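The values are calculated or read from the model by the stated rules, or taken from the named source; none is laboratory data. Predicted, not measured: the structure shown is a model, and the values here were computed from it. Positions of Cβ are backbone-derived with ideal geometry, glycine not excepted, and every protein chain shown enters the neighbour counts. Surface accessibility is based on the protein's heavy atoms, side chains included, excluding ligands, DNA and RNA. Shrake-Rupley method; radii C 1.70, N 1.55, O 1.52, S 1.80 Å.
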Amino acid sequence: THLVRWKQPGPLKKKYNLQGHLVLSTFGLIGPNKSIETALRALPEIVKYNPTVKYLILGKTHPELVKREGEKYREELEKLVAEVGLGEHVEFVNKYLSLEELLEYLQLTDVYLFTSKDPNQAVSGTFAYALSCACPIVSTPIPHAVEMLDESVGKIVPFQDHIELANSTIELLKDERKRSEMSLNAFHKTRVSIWENVAVSYARLLKSSLDREIELKYNLPAIRLNHLKRMTAKSGILQFSKLGIPDISSGYTLDDNARALVAMVMYYKRFRQPDALKLIEKYFDFITYCQRPDGRFYNYVDSQGEFHKQNHYTNLEDSNGRAVWALGFLVANSKFLPDRLIQRAIITISKCARHLLDFHSPRAMAFAIKGLCYHNLFLNNPTLVELVEELSDKLVNCYSKESDKGWDWFEGYLTYANSVLPEALLLAYELTEDEIYREVAVNSMDFLISKIFINGQIKVISNRGWLSKGKENEHFGEQPIDVAYTILALDTFTKILKTDRYETHLTTAFEWFLGNNHLGQIIYNAASGGCYDGLEEDHPNLNEGAESTICYLLSRLAVERYHPAVPPRQVLQLPKIKVRKTGSKIPA
């Protein structure tokens, strides 16, 4: 089935002049085996229940049928519509639909009617397409439907039984909440069958079946800002989404807008698109809005633009560190950004700098170190260097206290954003040339790599339970943010140490988004430009919030240096997979 982004039916109904209607549909090459007459005979009872019903019959007559007997079957259907007096409630869309049109018609459908009368029809592409577009389905019991449908996604009715078809359809039309649940269930149930996931499955099958070692290579998707722009409201980027629909009620965070600022500076540096500069200014304005008079930052802003009470009982150190990282990164790229932004960013950093040594969180220190190191690339300032050294020494002290044989780390556990710690120390080494920073950075990064790269895949520390010293890894509960931070750190190690030994891990980590994970399923949604919120034991979390979408974009832009893409204005196909061995290519 095709990869689609979750869409609300209202705008699509308006696009096709169907607003105000409950829509039933059937599609495909029209012929007697579809038994569309069964649906037409059921329609009077359905319309009697709800006069807003519109039944769409989508598609041309089967060309082989046209050769044999012309449009006889369609004419019989049109005659039946006239006989039951429901011409206003039936629409024949008598054309070959483009893929986009077809998928949109299915996505605006309230109930899909599958009325085949052939008990030996093993499978149906039209049935699969409808289910994958989140249609609740009323279907006859062909084997495919019996296998896929249960009460959570649809109803099974007997062959050519228009009375049961009417009753089941009315039952669904009566219960909007139930239809919504069925739509969600159908959407989740069919993600495994989208082309990208099927391609990964076949490629992995080939790899496991061949008697020689081969390597799977994942083509990079085009860089797209579609979902990021959808998630960006007047004040900044919203925090959460429900599937691919931005959730305005979730409000905003400094965390997300700081990460978004870094991503858009990277993007603008690469592509110089005016829209990206506007987003940079919006995310920067949000950061400055969050700064309090004493220089510290609030993190949580509600949908009305007011500071949330959560700011008063949540530790905000990490958020403050991320703000310094984003501002420093902005300043470091001053060559191609407006001077007014750079000067405001310098002032904003200077107002909060005096609080940085109060940090107790190693991650807050690490983000601050990153930001100050980037800042110093623009403004070579001995005071900044001293601040970096003091924060870095605190990290080294954490490492000295906690590390021992077999545990080269700063704490007695691995949690989230782990790779930021060694990355910060390596940046401090680049700035100060202090070898102790380099030594601790390399030892701790190599230790982290040993814990999260397993059998050719990245498996970041599970959010189900952090990894404590002397304990075994928890599994599953993997989030894009940790994959992204790992990629950024590996990029830093590759550039500063001028070695390619980290590059292989970087590529492997990015392939996690494209299906190189324990489920063999994509985490990046190329149809929306968004990224799923996580990878669980048996399914991805299909919400596409700001954090995950930004983190994918950060990762994609980081790997751009190693695998340059065409400019984003050009249209590319969705990701494909190739199986390669030395000297040849075998398409999967």
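For a quick check: with amide H placed at 1.01 Å from N, whose amide H comes under 5 Å from D247's, ignoring anything fewer than 5 positions away on the same chain?
F240, S241, K242
Taking only the alpha carbons of the range 435-501, what extent do you get along each of the three principal axes, in Å, biggest first?
35, 24, 21
Work out the FRET efficiency for H360 and Q19 from their Cβ-Cβ distance, taking R0 = 51 Å, and round it to the nearest 0.05. Spell out each step's value before the answer.
Details: r = 56 Å, r/R0 = 1.10.
Using R0 = 51 Å, I get an efficiency of 0.35.
What do you get for the angle between helix 362-378 and the principal long axis of the chain? Use alpha-carbon atoms, 0 to 90 degrees, nearest ten.
The two axes meet at around 80 degrees.
Determine which residues of the range 319-346 fall in the zone a paramagnetic label at T383 would reach in this model, i.e. backbone nitrogen under 19 Å from the point 7 Å along Cα→Cβ.
Within reach of a label on T383, which here means backbone N under 19 Å from a point 7 Å along Cα→Cβ, the range 319-346 contributes 324-325, 327-329, 331-332, 342-346.
With +1 on the Cβ of every Lys and Arg and -1 on the Cβ of every Asp and Glu, and nothing else charged, how large is the dipole of the chain about its Cα centre, in debye rounded to the nearest 20?
Here the chain has a charge dipole of around 1520 debye.
So, by mean Cβ neighbours within 10 angstrom, what's the order for 295-303, 415-423 with the highest one leading?
Order by mean packing, descending: 415-423, 295-303.
Could you check the simple spin-label distance between V123 and S450, using points 7 Å along Cα→Cβ, in nm with one decimal?
Label-label distance for V123 and S450, simple model: 4.6 nm.
Kindly provide the helix-only [θ] at 222 nm of the chain, computed as the sum of -39,500 (n - 2.57) over DSSP H runs of four or more divided by all residues, to the nearest 500 deg cm²/dmol?
Calculated at 222 nm, the ellipticity per residue is -15500 deg cm²/dmol.
Convex hull over the alpha-carbon atoms of the chain: what's its volume per residue in Å³?
180
Using a 1.4 angstrom probe on heavy atoms only, work out the carbon and sulfur share of the accessible area of the chain in %.
Numbers: 12760 of 25510 Å².
Answer for the chain: carbon and sulfur cover 50 percent of the accessible area.
Could you run the Karplus curve 6.51 cos²θ - 1.76 cosθ + 1.60 with θ = phi - 60° over the range 283-292 and give me ³J(HN,Hα) per residue in whole Hz, x for Gly and Pro?
Going residue by residue, I get 5, 5, 4, 5, 4, 5, 4, 7, 6, 7 Hz, with x marking Gly and Pro.
Quote to one decimal, in nm, the extra length available between K269 and E75 on full extension: 0.36 nm per residue of separation minus the C-alpha distance between them. Display every interim value, and only then the final one.
Working: separation 194, 0.36 × 194 = 69.84 nm, distance 6.02 nm.
Here the segment from K269 to E75 would lengthen by 63.8 nm.
Specify the angular offset, from 0 to 90 degrees and rounded to the nearest 10, of the alpha carbon long axis of helix 317-332 from the longest principal axis of the alpha carbons in the chain.
80
To the nearest 10 degrees, how steeply does helix 176-189 sit against the main Cα axis of the chain, on a 0 to 90 scale?
The two axes meet at around 70 degrees.
Would you be so kind as to identify which of H62, P11, L22 lies farthest towards the positive end of the dipole of the range 1-84, taking Lys and Arg as +1 and Asp and Glu as -1 on Cβ and the Cα centre as origin?
Among H62, P11, L22, the one farthest towards the positive end of the dipole of the range 1-84 is P11.
How many percent of all Cα-Cα pairs in the range 57-179 sit more than 16 Å apart? Spell out each step's value before the answer.
Numbers: 5082 of 7503 pairs.
For the range 57-179, the share of Cα pairs beyond 16 Å comes to 68 percent.
Where the centroid of each part is defined by its Cα atoms, how far is the range 184-242 from the range 400-416 in Å?
The range 184-242 and the range 400-416 have Cα centres spaced 34 Å from each other.
What whole-number value in Å² describes the accessible area per residue of the range 45-158 for a 1.4 Å probe? Write down the numbers at each step before the final one.
On the way: 5060 Å² over 114 residues.
Heavy-atom accessible area per residue stands at 44 Å².
Which length gain, in nm to one decimal place, applies between N219 and E64 when the Cα-Cα distance is subtracted from 0.36 nm times their residue separation?
51.9 nm
Just to confirm my numbers, what's the Cα centroid distance between the range 512-567 and the range 432-450 in Å?
Going from one Cα centre to the other spans 28 Å.
With unit charges on the beta carbon (Lys/Arg positive, Asp/Glu negative), name the residue among T314, L279, L357 whose Cα is farthest towards the positive pole of the charge dipole of the range 232-389.
Sorting the options by dipole projection puts first L279.
Extension gain K207-D150, at 0.36 nm per residue separation less the Cα-Cα distance, in nm?
17.1 nm
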